[in-house]
Amino acid sequence: MEQLVSAQRRFAANAAHELRTPLAVQRAAAEIGLAGDPPPEKVARIRAKLIGVADSSEHLIESLLLLAVSEQGLESTGPVDLAELAAAELAACPQAGLTVVRTFVPLVVTGDRVLLGHLLRNLLMNAVRHNRAGGRIAVSTSADGELTVCNTGPVIDPADVPGLLEPFRRRAERQHTAGEGAGLGLSIAASIARAHEAELTAGANPGPEGGLTVRVRFPVPGVARTSRTNRV
């Protein structure tokens, strides 16, 4: 119980910090940047800055709401072909400069299509955001219930991987800028997986390619589930 309360307090403190920071930036931009009689070009720059920070704040709030919704469980479910959904989400995901490998085998699970779309979107955006120039993304589904998203990128210490699945944890503890993730993507994906009685595991890929491999193992009738924690 004490650990749960401590985790809830830490989450609340992190959420407050993440929301307070963009508000401070907006205030400073308005009070300092627009003080006096600034020229039109400066007003335009400040306007763009304020819009960018507002967009970042909106994304954070939407992510927090999605995390809360996924933790409440599923309200409506139906058959969802993850291979079809993954192909659609992949087509909508920016891939400039990256090699994409697709291996889609029909995989029908019972779940919430909207939430599963968010799970895929977060995994794909994480794979793009933390990749490298000329890197690679591999996305696959298998008949035994496994969805896999693998990307190249910086070499990650395997000891750091479990923390990446926690809310507000980034690979580098630093202040994020507008348009960058707030460290919620993988934790949201893990929460959505749990709501579907699926298991999300992650493993660091060895150098020189580096990056991360994330697997989501969904329950499939007739297929025994085995533990694959941190398997790469």
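The values are calculated or read from the model by the stated rules, or taken from the named source; none is laboratory data. Predicted model only: the values in this text are computed from it and were never measured. In this analysis, Cβ positions are derived from the backbone assuming ideal geometry, glycine residues included, and neighbour counts consider all displayed protein chains. Note: areas computed on protein heavy atoms with side chains; ligands, DNA, RNA excluded. Shrake-Rupley method; radii C 1.70, N 1.55, O 1.52, S 1.80 Å.
Cβ-Cβ distance of Arg132 and Leu23, R₀ of 30 Å, FRET efficiency by 1/(1 + (r/R0)^6): the value works out to about 0.35. For Thr152, the residues whose modelled amide H falls within less than 5 Å of its own, excluding neighbours fewer than 5 places apart on the same chain, are Arg136. Compared with the direct C-alpha span, the chain from Gln95 to Leu65 gains 8.1 nm at full extension, assuming 0.36 nm per residue.
Solvent-accessible area assigned to carbon and sulfur over the range 89-134 amounts to 58 percent, based on a 1.4 Å probe.
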